[in-house]
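> Pasting a structure here, questions to come.
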Amino acid sequence: MGPLTHIQHVLATGWWVAAAFCLVLYVVLDGADLGAGIFSLFVPDADERGAIMQAMAGTWDANETWLVVAGGVLFGSFPFVYGSVLSYLLVPFVFILWGILTRAVALEFRHLAEPRWKPLTDRAFGLSSLVVTFFGGMAVGAVLHGFPLTDTPDTVPTYVGGAFRFISLFSVWTGIAAVVVVSLAGGLFVRARFEPQERVRQRAAAWTEIVFYLALGAVPISVVLMMVTFPWARQTWFGPDVWLWALIPLAAIGTTFLMRRANRRDRNLAALLWLDATIVIMAAGLIATLWPAIVPGTWTIDSGASREITLLRFYLTLAFLFPVTLMYNWYQIWVFRARVAKLASYHG
């Protein structure tokens, strides 16, 4: 493949930013739903579990739209990256797909189930939320490791390696860390969505108190593991712009403090938004660290981009698809913004 022209390089960069935007937005929006599902595994009351499902019933499908858009952007603009990553992460992607499908079935069919089967749908919902979160986090850690490709002239580079190459100490840890952070978001989501007098909010308050300290330990451990495992991360963070990189953890600490203060003052929506801000800051720091790589040591933006990307396709997508999807997402959130109660258990 020949080098990209200047305009193609600019477009490829824009598409990569768009894909990263979609992925981060998916984590922020659907992460709270996934975390609430994980939290529901520890809720003994069936009506409260049903009410947690009802709290996200109007918005979960819109949240997952961003994952589909991200996949479409990668497929259309970085087809070689899409194909090789899909081969490399086939096993975790199968589990993620199973989890997404199971969550959808549990959400949509709980009200149709006979009373004796409702506990099964509830557990399936919670377990599938845990599976999606763990294997999603594990996939991120595996991508940071990179993977080998074929190097045959005049052929498309493809993944060479076993089905379980994605498993490593670091990728297992990122899966665990993802569960911890998403569980915190889920607890804050439950507190923000339920009426103040509801008992499930008290359960969520105790849950967030514990998970907060777990997350407070998981994040620095993840950073240290990255520094130890990946030379490219050390060289970037401790290079000539070390003081600029230091602003990222400082900003994350600031938003975490504001999240903690808002949560203690029972300003639940503000607490959730400050946590989202912390996630966005850390995700932006990771993306900036990777730049210009998409998969470290395997694909860069230029090497992975399609030579067929056009300015017209770029502008049509950003001018129409993204604004419409954003408005659709916002409209659903606005319509279903009211708090719910235990009596709103998802019966249909």
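The values are calculated or read from the model by the stated rules, or taken from the named source; none is laboratory data. Not measured: the values here are computed from a predicted model. Don't worry about glycine lacking a Cβ; one is built from the backbone with ideal geometry, like all the others, and counts go over all protein chains shown. Heavy atoms of the whole protein, side chains included, go into the accessibility calculation; ligands, DNA and RNA do not. Shrake-Rupley method; radii C 1.70, N 1.55, O 1.52, S 1.80 Å.
> Scan Leu272, Leu286, Leu250, Leu343 and give me the residue that is assigned to a helix (DSSP H, G or I), modelled with pLDDT of 90 or more and closer than 30 Å to Thr121 by Cβ.
On the way: Leu286 fails: closer than 30 Å to Thr121 by Cβ; Leu250 fails: closer than 30 Å to Thr121 by Cβ; Leu343 fails: modelled with pLDDT of 90 or more.
Leu272 is the lone residue from the list that is assigned to a helix (DSSP H, G or I), modelled with pLDDT of 90 or more and closer than 30 Å to Thr121 by Cβ.
> State yes or no: is Val81 open to solvent by less than 10 Å² (accessible area, probe 1.4 Å) and not in a helix (DSSP H, G or I)?
Answer is no for this residue.
> Any idea how many residues of the stretch 84-96 are touching a helix residue (DSSP H, G or I) at 6+ places or on another chain (Cβ under 8 Å) and part of a helix (DSSP H, G or I)? Reasoning before the result, please.
Of the stretch 84-96, the ones touching a helix residue (DSSP H, G or I) at 6+ places or on another chain (Cβ under 8 Å) are 85-86, 88-89, 92-93, 95-96.
Applying the additional criterion that residues be part of a helix (DSSP H, G or I) yields 85-86, 88, 92-93, 95-96.
Here the count works out to 7.
> With the requirement that a residue be within 12 Å of Ala18 (Cβ to Cβ) and either aliphatic (A, V, I, L, M) or modelled with pLDDT under 70 (or both), what does the stretch 320-340 give you? Spell out the reasoning first.
Here is the first cut: in the stretch 320-340, the residues within 12 Å of Ala18 (Cβ to Cβ) are 321-322, 325.
Listed by number, the list holds a single entry, Leu321.
> Can you go through Val219, Val211, Val156, Val228 and tell me which one is open to solvent by 30 Å² or more (accessible area, probe 1.4 Å) and free of Cβ contacts under 8 Å to residues at least 40 places away in the same chain? If you could, list the steps in order and put the result at the bottom.
Working: Val219 fails: free of Cβ contacts under 8 Å to residues at least 40 places away in the same chain; Val211 fails: open to solvent by 30 Å² or more (accessible area, probe 1.4 Å); Val156 fails: free of Cβ contacts under 8 Å to residues at least 40 places away in the same chain.
Exactly one of Val219, Val211, Val156, Val228 is open to solvent by 30 Å² or more (accessible area, probe 1.4 Å) and free of Cβ contacts under 8 Å to residues at least 40 places away in the same chain, namely Val228.
> Counting only residues that are open to solvent by 10 Å² or more (accessible area, probe 1.4 Å) and of a type in the set (A, V, I, L, M, F, W, C), which one in the stretch 48-72 is farthest from Phe135 (Cα to Cα)?
Ala57
> Here's another thing I want to ask about it. Could we say that Thr255 is closer than 27 Å to His145 by Cβ and in contact with a helix residue (DSSP H, G or I) (Cβ under 7 Å, 6 or more places away or on another chain) here? Don't jump to the end; show me each part of the working.
Details: closer than 27 Å to His145 by Cβ: no; in contact with a helix residue (DSSP H, G or I) (Cβ under 7 Å, 6 or more places away or on another chain): yes.
Here the answer is no, as Thr255 does not meet what is asked.
> Still on this model: Restricting to the stretch 14-25, name every residue that is closer than 17 Å to Ser303 by Cα and either charged (D, E, K, R) or open to solvent by 30 Å² or more (accessible area, probe 1.4 Å) (or both).
Val17, the sole residue that qualifies.
> Also: Any idea which of (1) at pLDDT 90 or above; (2) more than 14 Å from the chain's Cα centre (by Cα) is the one Phe109 doesn't satisfy?
The number of the failed condition is (1).
> Hey, Gly83 hits all of (1) modelled with pLDDT under 90; (2) closer than 30 Å to Tyr159 by Cα but one; which does it fall short on?
(1)
> Could you check how many residues of the stretch 180-209 are more than 22 Å from Leu29 (Cα to Cα) and of a type in the set (A, V, I, L, M)?
1
Quick grid of which residues meet (1) among the hydrophobic types (A, V, I, L, M, F, W, C); (2) touching a helix residue (DSSP H, G or I) at 6+ places or on another chain (Cβ under 6 Å); (3) farther than 15 Å from Phe42 by Cα; (4) at pLDDT 95 or above:
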residue	(1), (2), (3), (4)
Ala104	yes, no, yes, no
Val131	yes, yes, yes, yes
Val180	yes, yes, no, yes
Leu184	yes, yes, no, yes
Phe189	yes, yes, yes, no
Val200	yes, yes, no, no
Ala205	yes, no, no, no
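> Right, another one. For the stretch 146-155, name all the residues that are under 16 Å from Thr300 (Cβ atoms) and either part of a loop (DSSP other than H, G, I, E, B) or under 24 Å from the mean Cα position of the chain (by Cα) (or both).
If we filter the stretch 146-155 for residues that are under 16 Å from Thr300 (Cβ atoms), which is where we start, we get 146-149, 151.
Across the stretch 146-155, the qualifying residues are Gly146, Phe147, Pro148, Asp151.
> Within the stretch 27-39, does at least one residue satisfy the condition of being small (Gly, Ala, Ser), within 25 Å of Leu112 (Cβ to Cβ) and open to solvent by 10 Å² or more (accessible area, probe 1.4 Å)? Working first, answer last.
Here is the first cut: in the stretch 27-39, the ones small (Gly, Ala, Ser) are 31-32, 35-37.
Of the ones still in play, those that are also within 25 Å of Leu112 (Cβ to Cβ) are 36-37.
Subset that is open to solvent by 10 Å² or more (accessible area, probe 1.4 Å): none.
Within the stretch 27-39 (the criterion being small (Gly, Ala, Ser), within 25 Å of Leu112 (Cβ to Cβ) and open to solvent by 10 Å² or more (accessible area, probe 1.4 Å)), the answer is no, since none of the residues qualifies.
> Let me ask you something else. Which condition number in (1) in contact (Cβ under 8 Å) with a residue 12 or more places away in the chain; (2) within 20 Å of the chain's Cα centre (by Cα); (3) open to solvent by 10 Å² or more (accessible area, probe 1.4 Å) is the one that Gly161 fails?
Checking Gly161 against (1) in contact (Cβ under 8 Å) with a residue 12 or more places away in the chain; (2) within 20 Å of the chain's Cα centre (by Cα); (3) open to solvent by 10 Å² or more (accessible area, probe 1.4 Å), the one that fails is (2).
> Taking the conditions exactly as written (in contact with a strand residue (DSSP E or B) (Cβ under 6 Å, 6 or more places away or on another chain) and at pLDDT below 90), does Ala62 satisfy them or not?
Details: in contact with a strand residue (DSSP E or B) (Cβ under 6 Å, 6 or more places away or on another chain): no; at pLDDT below 90: yes.
No.
> Of the numbered conditions (1) within 30 Å of Val17 (Cβ to Cβ); (2) surrounded by fewer than 19 Cβ atoms within 10 Å (Cβ to Cβ); (3) out of contact with any strand residue (DSSP E or B) (no Cβ under 8 Å at 6 or more places or on another chain); (4) not aromatic (Phe, Trp, Tyr), Val132 satisfies every one except a single condition; which is it?
The one condition Val132 does not meet is (2).
> Name the one entry in Leu247, Leu275 that is crowded, with 16+ Cβ neighbours inside 10 Å and either among the hydrophobic types (A, V, I, L, M, F, W, C) or in contact (Cβ under 8 Å) with a residue 60 or more places away in the chain (or both).
Leu275
> Still on this structure, I have one more. Which number in (1) of a type in the set (A, V, I, L, M, F, W, C); (2) open to solvent by less than 60 Å² (accessible area, probe 1.4 Å); (3) not in a helix (DSSP H, G or I) marks the one condition that Ile167 misses?
So Ile167 meets the others, but not (2).
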